[in-house]
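As structure tokens, the structure follows; a few thoughts come after it.
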Amino acid sequence: MKQLTHPSQLAVWKARILEERPVPKKTVVVSNGTCGQASGSLGIIEALGRELDRRDLRETVGLEITGCHGFCELEPNIVIYPEGIYYGRLKPEDIPMVIEKSILKNKVIDALAYEDPKTGRRYPLQKDIPFYRKQMRLLMEDNLRIDPNRIEDYILAEGYQALSRALFDMTAEEVIREIDSAGLRGRGGAGFPTGKKWQFCRNEIADRRYIICNADEGNPGTYMDRSILGANPHSVIEGMIIGAYAIGAAEGYIYVRMEAPQAVRQITIARDQARKHGLLGKSILGSEFHFDIQIVEGAGAFICGEETSLMASIEGRRAVSRQRPPFPAQSGLWGQPTNINNVETWANVPLIIKRGAEWYSQIGTPKSKGTKIFSLVGKIRHGGQVEVPMGTKLREIIYDIGGGIKDGKKFKAVQTGGPSGGCLPAQLLDLAIDYDNLVQAGSTMGSGGMIVMDETTCMVDLARHYMHFTQEESCGKCVPCRVGTRQMHDILVRITRGEGEEADLARLEELGESITAASLCGLGQSAPNPVLSTIRHFREEYFEHIKHRKCAARVCRQLIALPGQGARPAQRKAKKRQHD
């Protein structure tokens, strides 16, 4: 299909793809995201191709290469359609048997089927595996059907139909009202209502407006954005075009860090394909709307996830935060009104326009609508990308979907929101996850990181680790963040060495409150969260380090008794000070 010049051509294109594409009897879908490739998916793809050629099965068996399927713990994996047979942790030497038994003889190979570690039950079908069955995959389900290198796959999945509806059946104001009525909140951290954000930007009088996709995903343990960009990049592009139409922007930017090369590659391919087919550039789909996207690669600075620093980086300046107001919607990129949303927010937009605000607003909680993708990592049996409705309890995610804690250990805490989030204890496992509940509990939604910890985790050392991270990543512009985080880190270091005193807890709390209140940007304002939340929920562990010079988790090395030396190093040091 050449350049599209009329919305009706989308349906014509889809029909032509269906007519020209052969329908194989079987299709093998390979998960080939970053996690899959790291685990050996490229070897699986090579083995499948070799075996299909050897048996002359190319015409009857399709081979589809897709992005991440979510169950990262079982990479590399495949799904065989139409049955939906799922095999994980495959090796190239397994492929001949897969072809022989499951493709040619329609038999399940029990040894390769998923086995629930708690019950020992085998689940041969992907849809029945508890990890998948308990989710609501509105954004991620298409990852199983779309080759990110082919725009045709996205067209078959009703791609760009929402854009057609927005451009030809809705005014810009109607698009904004639809997003606002749906209750979509920004998935990048603070959860600001997306429709209101768009309206603020549109209301500004200006010659030019910009939109930005913030894909600078730098939180340890989080990888939702790069998985969406690497698996279904056109959903983000379509959402950005709709958003640009709504606020009146002619130019957009996708800011993605160079440390995610697959995401950069796939979004670049998708952008170029959209341009080729008249979905980006001049007169999109034959309309009077013009819009194009530039891709900017960040160098990996955590501060660039903060919107004002990100804009400074795009402009070629040093990435430092600036005071607000004015907000980006008033004066952003090059002093023009600018709307910034993250990857997951943009991917939700086509879904809302296509299915309607009423449908979307029925999912989630009264104040937090839709689904949320979490990167479930840490001391968990089944790590991966999890998409659940807002309001899902922590217990359901960690135990029903994640399979519980590894190696029979006890659950101790879960950190949500990345380095700027908080740590929630076992007594909050039945907390329903939404923006407001997490803030009340001392944490944040953030971009969706969820790090699970067991009894071997020292919460004091964890707080020290995250304070070191945020202190190192601070842009250094404002004193509360630059100096305050260093002071907090120094106190935590002393406590983990057994040199702390009870007054340190009050100092940490006072410093944390001051940094939160006085810092310029969201990084500084939320940097104390890991410390304040661990003091709030694990205060006795701090006292254990301070009063008894002991680390029950046996992580803080200077608080561990050495073999044959009796007292711990910190205790000996304390006794020596008393003697002197």
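A short reminder: the numbers here are calculations on the coordinates, not readings from a lab. Predicted model, so just to flag it, every value in this text is computed and none were measured. With ideal geometry, Cβ positions are generated from the backbone for all residues, glycine too; neighbour counts draw on all protein chains shown.
Distance between the C-alpha centres of region 182-200 and region 347-402: 16 Å, rounded to the whole angstrom.
For the pair Glu297 and Thr171, label points projected 7 Å from Cα toward Cβ lie 4.4 nm apart.
From its DSSP helices (H runs of at least four residues, each -39,500 (n - 2.57)), the chain gives a residue-normalised ellipticity at 222 nm of -11500 deg cm²/dmol. A Stokes-Einstein calculation at 10 °C with viscosity 1.306 mPa s, built on the Kirkwood radius of region 289-388 over Cα pairs, returns a diffusion coefficient of 95 µm²/s. Per the Kirkwood formula applied to alpha carbons, region 465-551 shows a radius of gyration over Rh ratio, Rg over Rh, of 0.98.
Here's the list of lysines a cross-link from Lys282 could span, going by alpha-carbon distance under 30 Å and ignoring same-chain residues fewer than 8 apart: Lys2, Lys14, Lys196, Lys197, Lys354. Less than 5 angstrom separates the built amide H of Thr27 from those of Gly62, Tyr81, all sequence-distant by 5 or more or on a different chain.
If you look at the Cα atoms of the chain, you get an Rg and a Dmax of 25.5, 89 Å. Near Ile212, the amide H atoms lying under 5 Å from its own belong to Tyr253, Asn339, Ile340, Asn341; only residues 5 or more places off or on other chains count, and H is placed 1.01 Å from N. The equivalent ellipsoid that matches the C-alpha gyration tensor of region 232-271 spans semi-axes of 21, 11, 7 angstrom, in descending order. Close amide H pairs (under 5 Å, H built 1.01 Å from N) link Arg187 with Asn342, Thr345, residues at least 5 positions away or on another chain.
For region 371-457, the convex hull spanned by the alpha carbon atoms encloses 76 Å³ per residue. Magnitude of the charge dipole for the chain, about its Cα centre and with charges confined to Cβ atoms of Lys, Arg (+1) and Asp, Glu (-1), is about 1360 debye.
Taking a straight Cα-Cα cut-off under 28 Å and skipping sequence neighbours fewer than 8 places away in the same chain, the lysines within cross-link reach of Lys550 are Lys379, Lys406, Lys409, Lys410, Lys412, Lys573, Lys575, Lys576. Here the mean projected area of the convex hull built on the C-alpha positions of region 100-230 is 13.1 nm².
Quick one: of the DSSP bridges fully inside region 4-82, what percent are antiparallel, nearest 5? Approximately 40 percent, going by the DSSP bridge assignments.
Scaled against the 2.2 N^0.38 Å expected of a compact globular protein of N residues, the Cα radius of gyration of region 90-168 reads 1.53. Cysteines of the chain lacking any other cysteine Cβ under 4.7 Å from their own Cβ: Cys68, Cys201, Cys213, Cys304, Cys423, Cys458, Cys475, Cys478, Cys481, Cys521.
Express the Stokes-Einstein translational diffusion coefficient of region 246-305 in µm² s⁻¹, to the nearest whole number, given a Kirkwood radius over alpha-carbon pairs, 37 °C and a viscosity of 0.692 mPa s. This corresponds to a translational diffusion coefficient of 259 µm²/s. A DSSP coil position with no more than 11 other Cβ atoms inside 10 Å describes the following GluC sites (Glu not before Pro) in region 247-305: Glu288.
Loop-resident GluC sites (Glu not before Pro) (DSSP state other than H, G, I, E or B) in region 454-527 with no more than 11 further Cβ atoms inside 10 Å of their Cβ: Glu502.
Here is the list for region 40-135: GluC sites (Glu not before Pro) lying in DSSP coil, each with at most 11 other C-beta atoms within 10 angstrom of its C-beta, are Glu59.
Taken one residue at a time, the phi angles of region 134-145 give Karplus couplings (6.51, -1.76, 1.60, θ = phi - 60°) of 7, 8, 10, 9, 6, 8, 8, 5, 5, 4, 7, 10 Hz. Gly and Pro are set to x. I'd like the distance between the alpha-carbon centres of region 24-70 and region 472-504, rounded to an integer number of Å. If we compute the Cα centre of each part, the gap is 50 Å. Listed values for region 375-383 are Karplus-derived 3J(HN,Hα) couplings in whole Hz (6.51 cos²θ - 1.76 cosθ + 1.60, θ = phi - 60°), namely 8, 8, 9, x, 7, 10, 5, 10, x, and x replaces Gly and Pro.
Residues in region 483-496 carry Karplus couplings, in order, of 8, x, 5, 5, 5, 4, 5, 4, 5, 5, 4, 4, 5, 5 Hz; the curve used is 6.51 cos²θ - 1.76 cosθ + 1.60 with θ = phi - 60°, and Gly or Pro positions show x.
Report relative contact order for the chain in percent, whole number only (criteria: Cα-Cα under 8 Å, sequence separation at least 6). Relative contact order comes out at 13 percent. Excluding same-chain neighbours fewer than eight residues apart, the lysines reachable from Lys101 by a Cα-Cα span under 21 Å are Lys25, Lys26, Lys91, Lys127.
Sorting Asp116, Asp169, Asp225, Asp461 from the fewest to the most surrounding beta carbons within 10 angstrom yields Asp169, Asp116, Asp461, Asp225.
Placing +1 on the Cβ of every Lys and Arg and -1 on the Cβ of every Asp and Glu, with no other charges, gives region 337-435 a dipole of roughly 260 debye about its Cα centre. Which values of log₁₀ I(q)/I(0), to two decimal places, follow from the Debye formula for region 151-361 at q = 0.11, 0.12, 0.13, 0.14 Å⁻¹ with a uniform point scatterer at every Cα? Debye output, listed in q order: -0.46, -0.55, -0.66, -0.77. Taking the empirical scaling 2.2 N^0.38 Å for compact globular proteins as reference, region 1-148 has a Cα radius of gyration ratio of 1.13.
Cα centroids of region 117-172 and region 307-336: 34 Å apart.
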